[in-house]
């Protein structure tokens, strides 16, 4: 529900309540007014009757024109005039109708008369009907104009806001373009626009800096590492090295290589987090998997791992080829690395799931913690502890669901795409 | 061996000197240019001479890299393999050198103080298409790698790299480009027919797996050099293997390779440098 509809709806709701209340009040007011008017009218009739009686007091009573006059004895006490409601037979229709009645006993020229006068009153039903009718019509007019105004506001006055919304929606951090806006006559809109322009420019420049930093850091690290590596290699070539010197040099070399791989992996992680891989294409997962497994064939033989698989044909997903390959590579090499002697690996690929399970050691670590950076279950000092983090980040990037379970000696990794 | 090295360096110096005087001549006359061409042709013939064996001496390399320390290391290492290296630190100097001299291979860094190495690659491809290009870059950006190879670079080596790997790739480029590929690597009685991917020991064809072949080739192009297990593992498996047991696999492969060579009557030239790695040398 958009803003203007909400506003309109709220307004209409409040208006409805007000109109119902207003209707009730009008009803009361109109009813009171009518009643007092009727009383006034009856009173003036009563006064005219009294004048008439004073001028020519009749000997007998009479009943005419909604007036009943009857002479009464002296012992009837004087009262009135008092008003009350009564039901009287209608003269023409013969139907009982609600009427207002004036009753009094007066003494004129020594003769006491009992006077009853009555008149038709406007019934509450009628008042309610007419009040409801007028209220309803007014309400409909109001409703119509409210909707018209709402439409007008949302189309013309809120146009800058709508444009802004589209611009925000289209804003992409990788596009290096701050949000564009049109100058509006409304101060608030201009304020928002300016604010957003500043904010997005800042975001873009920060993002750019971050990107440059990650790229530079991984890049700038590699050259010094390359130099150390080269120097070590040149030293290794020397003939008069002692055994321990040799060992130290070799160890330095492998530590160096770990350092280099770590920076590369970390920068890869950052790049994935920054959504820098946008070459989305249709990928045949089955084909990619088979190609990858070929690379591992020899490794599996050397580690005496039995590989069984059930790969459906031509399963397609869309994504960046390199990223998807990295993800699958990491998953497979994880299954190989954390396997046991003469272990097993099983791969299943179906329309929207990829399951890889491998035999392994039971673990106390919560399996989902394996996705955290540098989290390792133990022994494999040589692994970086980044492989699964990278795989998870890639999965997250494409909104795939990935989870890791350990059931006794089985490590199961499920990927839903 | 020492003697051979001395001869090598003497010949190298001699040729360098001749080269310099030729270039001097060339700058003086058109005829000088003609002489240089004739001489270079002869030199090329000498480079892959008898038995169609690949010889890697006087291969001229231009290193375009702004880090002097790295350049020195590369130069030291490559010159021991018979490459003749010249160094420049930026694009401008590289172009000056390229206009003045001819090189077999340009070793190109992508991030240079005065621009992107890819622009130089473009010019190399249009003006000096005979020159091989190996890109070495610290930028591990995958699209840079693909772009470089798409634009016609012969190979791409991400930093940091093992010198033995660089050596092996440089030789591969040189062989592909200048010796039309159909040249053999020979070490004593072992001969690798690179094109056919065959290995012969005493004219008996060995039955090697792909990895064993690759391993032997790596040893042959890096003969007399210490190859650490790590360098070998990275050469054979690239990034796939970053695990401890890869070293066991290296051991396994070397064991098999030794056995197969011995079975064919060959001698075992691969010696184990205890704690370090392996070395292929004439014992």
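The values are calculated or read from the model by the stated rules, or taken from the named source; none is laboratory data. Keep in mind that this is a model prediction, so the values were computed, not measured. Backbone-built Cβ (ideal geometry, glycine too); neighbour counts: all protein chains shown.
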So which of B:211, B:193 is surrounded by 13 or more Cβ atoms within 10 Å (Cβ to Cβ) and free of Cβ contacts under 8 Å to residues at least 12 places away in the same chain?
B:193
Counting only residues that are without any contact (Cβ under 8 Å) to a residue 40 or more places away in the chain and more than 9 Å from every other protein chain (Cβ to nearest Cβ), the range A:208-231 contains a total of 5
Have a look at A:153, A:115 and point out the one that is modelled with pLDDT of 80 or more and assigned by TED's automatic domain parsing to the domain that holds residue A:16.
A:115
Of all the helices (runs of 4 or more DSSP H) wholly in the range B:149-259, which have at least 2 residues that are under 30 Å from residue A:338 (Cβ atoms) and outside the structural domain of residue B:137 (by TED's automatic domain parsing)?
B:210-221, B:229-237
Being away from every other protein chain (no Cβ under 12 Å) and in contact with a helix residue (DSSP H, G or I) (Cβ under 7 Å, 6 or more places away or on another chain): is that true of residue B:280 here?
yes
How many residues, within the range B:67-119, are free of Cβ contacts under 8 Å to residues at least 60 places away in the same chain, buried (at least 20 other Cβ atoms within 10 Å of the Cβ), within 14 Å of chain A (Cβ to nearest Cβ) and assigned to a loop (DSSP other than H, G, I, E, B)?
1
If residue A:237 meets every condition in (1) under 30 Å from residue A:345 (Cα atoms); (2) at the interface with another protein chain (Cβ under 8 Å from one of its Cβ atoms) apart from one, which number is that one?
(1)
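Each row is one residue, and each column tells you yes or no for (1) farther than 29 Å from residue A:31 by Cβ; (2) at pLDDT 80 or above.
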site: A:49; (1), (2): no, yes
site: A:58; (1), (2): yes, no
site: A:70; (1), (2): yes, yes
site: A:82; (1), (2): no, yes
site: A:104; (1), (2): no, yes
Complete set of residues in the range A:331-349 that are out of contact with any strand residue (DSSP E or B) (no Cβ under 6 Å at 6 or more places or on another chain) and either under 23 Å from residue A:273 (Cα atoms) or at pLDDT 90 or above (or both):
A:332, A:333, A:334
Residues in the range B:126-133: is at least one free of Cβ contacts under 8 Å to residues at least 24 places away in the same chain, on the phi < 0 side of the Ramachandran plot and buried (at least 20 other Cβ atoms within 10 Å of the Cβ)?
no
Scanning the range A:276-292 for residues that are touching a strand residue (DSSP E or B) at 6+ places or on another chain (Cβ under 8 Å) and within 12 Å of chain B (Cβ to nearest Cβ), the one surrounded by the most Cβ atoms within 10 Å (Cβ to Cβ) turns out to be A:277
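Residue-by-condition table, conditions (1) closer than 18 Å to residue A:387 by Cβ; (2) modelled with pLDDT under 85:
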| site | (1), (2) |
| --- | --- |
| A:272 | yes, yes |
| A:282 | no, no |
| A:285 | no, no |
| A:290 | no, no |
| A:293 | yes, no |
| A:302 | no, yes |
| A:308 | no, no |
Anything in the range B:160-183 that is surrounded by 21 or more Cβ atoms within 10 Å (Cβ to Cβ) and more than 19 Å from residue B:85 (Cα to Cα)? List them, or say none.
B:160, B:183
Test: residue in the range A:257-266 that is under 30 Å from residue A:317 (Cβ atoms) and either more than 41 Å from the chain's Cα centre (by Cα) or assigned to a loop (DSSP other than H, G, I, E, B) (or both)
yes
Within the range A:235-245, how many residues are touching a helix residue (DSSP H, G or I) at 6+ places or on another chain (Cβ under 7 Å) and modelled with pLDDT of 85 or more?
1
With the structure loaded, tell me whether residue A:182 is loosely packed, with under 15 Cβ neighbours inside 10 Å, over 22 Å from residue A:277 (Cα atoms) and in contact with a helix residue (DSSP H, G or I) (Cβ under 7 Å, 6 or more places away or on another chain) or whether it fails that test.
yes
Strands (runs of 3 or more DSSP E) fully within the range A:54-106 counting 1 or more residues that are surrounded by 11 or more Cβ atoms within 10 Å (Cβ to Cβ) and touching a strand residue (DSSP E or B) at 6+ places or on another chain (Cβ under 7 Å):
A:67-72, A:79-89
Does at least one position in the range A:308-325 carry a residue that is closer than 19 Å to residue A:412 by Cα, assigned to a helix (DSSP H, G or I) and within 11 Å of chain B (Cβ to nearest Cβ)?
no
May I ask you to list pairs of residues, at least six apart or on different chains, whose Cβ atoms are under 7 Å apart, with the first in the range A:257-269 being facing another protein chain (nearest Cβ under 7 Å) and the second being modelled with pLDDT of 80 or more and part of a helix (DSSP H, G or I)?
A:257/B:230; A:260/A:222; A:260/A:225
State yes or no: is residue A:202 surrounded by fewer than 17 Cβ atoms within 10 Å (Cβ to Cβ) and more than 13 Å from chain B (Cβ to nearest Cβ)?
yes
